[in-house]
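Notes for the one structure printed next.
The values are calculated or read from the model by the stated rules, or taken from the named source; none is laboratory data. What you are looking at is a predicted structure, and each value in this text was computed from that prediction instead of being measured. Heads up, the Cβs are rebuilt from the backbone with ideal geometry, glycines too, and the neighbour counts pull from every protein chain shown.
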Amino acid sequence: MNKKIKSKGFITDNFLLNSEQANILYHQYAKNMPIIDYHNHLSPKQIAEDKPVANITDAWLNGDHYKWRGMRANGIEEKYITGKDSSKEEKFNKWAETVPYTLRNPLFHWTQLELKRYFDIDEVLQSSTATKIYEKANKVLETKTPSQLLEDMNVEVICTTDDPVDSLEYHQAIAKKNIFTKVLPTFRPDVLVLIENESYLSYLKKLERSTEVSINNLESLLTAIQSRIDFFDQNGCRISDYGLSQIYAFDFTDKEANIVLKKRLDGEEISSTEANLFASCILYNLCKMYHAKDWTQQFHLGAIRDNNDRLNEQVGADAGCDSIGDFNQAEFMSKLFNRLDSENSLSKTICYNLNPAYNEVFATMMGNYSEGGVPGKMQFGSGWWFLDQKDGMEKQMNILSNMGLLSRFVGMLTDSRSFLSFPRHEYFRRILCDLMAEDLNKGLIPNDLPFIGKIIQDICYNNAVAYFKFK
């Protein structure tokens, strides 16, 4: 792109705020609320060690599938994206070259918000500004540790995403530190559910070592899982999470599930029907265990992953080749949640939908299993992954408003691996305030800014405090 973008004043105080009322709602009510980021993929090791991040390429581009996909779409060679034979500055320059082409993609907004909030940079990132921005950002990061970056964004709580066999040693080390942000683990047991995965048997060996339980049948496997849930709970965990294509709720008996596990332990092939039966058994038992701990369970549903064999072989898993899938969702959500509800074992639940065609399906399903004394028990989660942009957030909030209670929504999360991603909460809050103000200006809701402002503060922060009950 030969023509330069005019660089000054893009991220202003009224960015995304299209009326006086929207400005008031954001700046007087939403802006200064603390952040509870209840789902992300940040490294507890980095926070525990708390060393300066030092280089913006490491902090910003490593592991960022959004940026990788944007660069590939722009024709950037893979060596400048995930390759080992290019320098950090070369990779940054290739991202800078790509940014002007991301216009109208959320990456354009996120990039400029992050540069403004963390580095006070107003210029639009592009080839002509890349060197200056790279040097200025790195100068700031020379002295900024992960805990300081979190505090700068007023992040009160984060919940990382953790393997069931994790020692949680870094969470324990963080708990002893005097830092602003509370860092809590999240129990992520996808690997225990998906018995057909090649790594399943080797993973069970890890589980045995971490629990000192010999796993030779379903009963011993569930005992080992319970042991790890107890351990996570003792270390402050209040949330579980799954990243599945769909919920598994096929008919099963413990005897049938035990036969499937025995076959797998003996090295025998199992069918997809058997794998689905076993997954349904483990998922059901996990949900029961969570309810006993008063945890919240999260389901991230609908992704079809690792679509590009060429890049998977070149880069490895999680290469940034995932997309929206069209899986059966409603039937299995209903079947699992109904069984748990009828047994008084249904935890507080957040379901995130990746396929926008199913937004109404998710919103209406969550409304089926409310409970007295637990406002907003069943949550239609915020716009996720490909949908955590302006249009996706607005659709999610509008559908939640039409079919549930937006006022009980627990709000936004980053779902990010980067310590520079927290302006996404600002992005969400500005969109929320503009949405509310638009209704006010159309006469669709009362012209009562303190009343609306209180609901906005609840969505941004207060609802999450009451919902998760972090220790």
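One line per residue, one yes/no per condition, for (1) of a type in the set (D, E, K, R); (2) assigned by TED's automatic domain parsing to the domain that holds His300; (3) closer than 30 Å to Glu331 by Cα; (4) modelled with pLDDT of 95 or more:
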{"residue": "Lys177", "(1), (2), (3), (4)": "yes, yes, no, yes"}
{"residue": "Lys182", "(1), (2), (3), (4)": "yes, yes, no, yes"}
{"residue": "Ile229", "(1), (2), (3), (4)": "no, yes, yes, yes"}
{"residue": "Phe250", "(1), (2), (3), (4)": "no, yes, yes, yes"}
{"residue": "Asp254", "(1), (2), (3), (4)": "yes, yes, yes, yes"}
{"residue": "Ala279", "(1), (2), (3), (4)": "no, yes, yes, yes"}
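Consider region 416-471. How many of its residues are acidic (Asp, Glu) and either in contact with a Ser or Thr (Cβ under 8 Å, 6 or more places away or on another chain) or surrounded by 21 or more Cβ atoms within 10 Å (Cβ to Cβ) (or both)?
Going through region 416-471 one residue at a time, the tally reaches 4.
Looking at Phe10 and the list (1) surrounded by fewer than 21 Cβ atoms within 10 Å (Cβ to Cβ); (2) in contact with a Leu (Cβ under 9 Å, 6 or more places away or on another chain), which single condition is not satisfied?
(2)
Checking Leu16 against (1) of a type outside the set (Asp, Glu); (2) at pLDDT 95 or above; (3) under 20 Å from Met153 (Cβ atoms); (4) part of a helix (DSSP H, G or I), which single condition isn't satisfied?
For Leu16, the exception is condition (4).
Given the conditions (1) surrounded by 20 or more Cβ atoms within 10 Å (Cβ to Cβ); (2) in contact with a strand residue (DSSP E or B) (Cβ under 9 Å, 6 or more places away or on another chain); (3) of a type outside the set (A, V, I, L, M, F, W, C), report the number of the one that Gln246 does not fulfil.
All conditions are met except number (1).
With (1) part of a strand (DSSP E or B); (2) without any contact (Cβ under 8 Å) to a residue 60 or more places away in the chain as the list, and Glu156 as the residue in question, which single condition is left unmet?
The single condition Glu156 does not satisfy is (2).
With respect to Pro146, determine if the residue is crowded, with 21+ Cβ neighbours inside 10 Å and closer than 30 Å to Ile270 by Cβ.
Working: crowded, with 21+ Cβ neighbours inside 10 Å: yes; closer than 30 Å to Ile270 by Cβ: no.
The answer is no for Pro146.
List pairs: first in region 355-373 and assigned by TED's automatic domain parsing to the domain that holds Asp322, second β-branched (Val, Ile, Thr) and part of a helix (DSSP H, G or I), Cβ under 8 Å, 6+ apart or cross-chain?
Close Cβ pairs satisfying both conditions: Asn359/Ile399; Glu360/Ile399; Ala363/Ile399.
Which ones in region 208-225 are part of a helix (DSSP H, G or I) and out of contact with any Ser or Thr (no Cβ under 9 Å at 6 or more places or on another chain)?
Selection gives Arg209, Leu218, Glu219, Leu221, Leu222.
Here are some residues: Pro423, Pro450. Which one is modelled with pLDDT of 95 or more and more than 20 Å from the chain's Cα centre (by Cα)?
Checking each option against the conditions leaves just Pro450.
Going through region 340-364 one residue at a time, which ones are acidic (Asp, Glu) and over 22 Å from the mean Cα position of the chain (by Cα)?
In the first step, residues of region 340-364 are kept if they are acidic (Asp, Glu); the result is 341, 343, 360.
Across region 340-364, the qualifying residues are Asp341, Glu343.
Can you go through Leu435, Leu440, Leu400 and tell me which one is hydrophobic (A, V, I, L, M, F, W, C), in contact with an Asp or Glu (Cβ under 7 Å, 6 or more places away or on another chain), in a helix (DSSP H, G or I) and assigned by TED's automatic domain parsing to the domain that holds Asp162?
Just one listed residue meets the conditions, Leu435.
Any idea how many residues of region 189-203 are under 26 Å from the mean Cα position of the chain (by Cα) and more than 19 Å from Met289 (Cα to Cα)?
7
When you scan region 161-189, how many residues do you find that are in contact with a His (Cβ under 7 Å, 6 or more places away or on another chain) and assigned to a loop (DSSP other than H, G, I, E, B)?
2
So which residues in region 115-141 are assigned to a loop (DSSP other than H, G, I, E, B) and closer than 21 Å to Glu78 by Cα?
Residues satisfying the conditions are Leu125, Gln126, Ser127.
Please tell me if Arg305 is under 20 Å from the mean Cα position of the chain (by Cα) and within 30 Å of Gly83 (Cβ to Cβ). Explain how you work it out, then say what you get.
Details: under 20 Å from the mean Cα position of the chain (by Cα): yes; within 30 Å of Gly83 (Cβ to Cβ): yes.
Spelling it out, Arg305 is indeed under 20 Å from the mean Cα position of the chain (by Cα) and within 30 Å of Gly83 (Cβ to Cβ).
Consider Gly376 carefully, then state whether it is in contact with a Leu (Cβ under 8 Å, 6 or more places away or on another chain), assigned by TED's automatic domain parsing to the domain that holds His291 and not in a helix (DSSP H, G or I). Reasoning before the result, please.
Working: in contact with a Leu (Cβ under 8 Å, 6 or more places away or on another chain): yes; assigned by TED's automatic domain parsing to the domain that holds His291: yes; not in a helix (DSSP H, G or I): yes.
Criteria met by Gly376.
Do the conditions hold for Trp95, that is, is it touching a residue at least 60 places away in the same chain (Cβ under 8 Å) and not assigned by TED's automatic domain parsing to the domain that holds Glu313?
Values: touching a residue at least 60 places away in the same chain (Cβ under 8 Å): no; not assigned by TED's automatic domain parsing to the domain that holds Glu313: yes.
The answer is no for Trp95.
Which condition does Val165 not pass, out of (1) farther than 30 Å from Tyr284 by Cα; (2) more than 18 Å from the chain's Cα centre (by Cα); (3) in contact (Cβ under 8 Å) with a residue 24 or more places away in the chain, if it passes all the others?
(1)
What about Ile399, is it surrounded by fewer than 21 Cβ atoms within 10 Å (Cβ to Cβ), touching a helix residue (DSSP H, G or I) at 6+ places or on another chain (Cβ under 9 Å), of a type in the set (Val, Ile, Thr) and over 21 Å from Val465 (Cα atoms)?
yes
Just to be sure I understand the filter: pairs with C-beta atoms under 9 Å, separated by 6 or more residues or on different chains, first member in region 235-252 and touching a residue at least 24 places away in the same chain (Cβ under 8 Å), second member part of a strand (DSSP E or B) and among the basic types (Lys, Arg). Which pairs pass?
Gly236/Lys182
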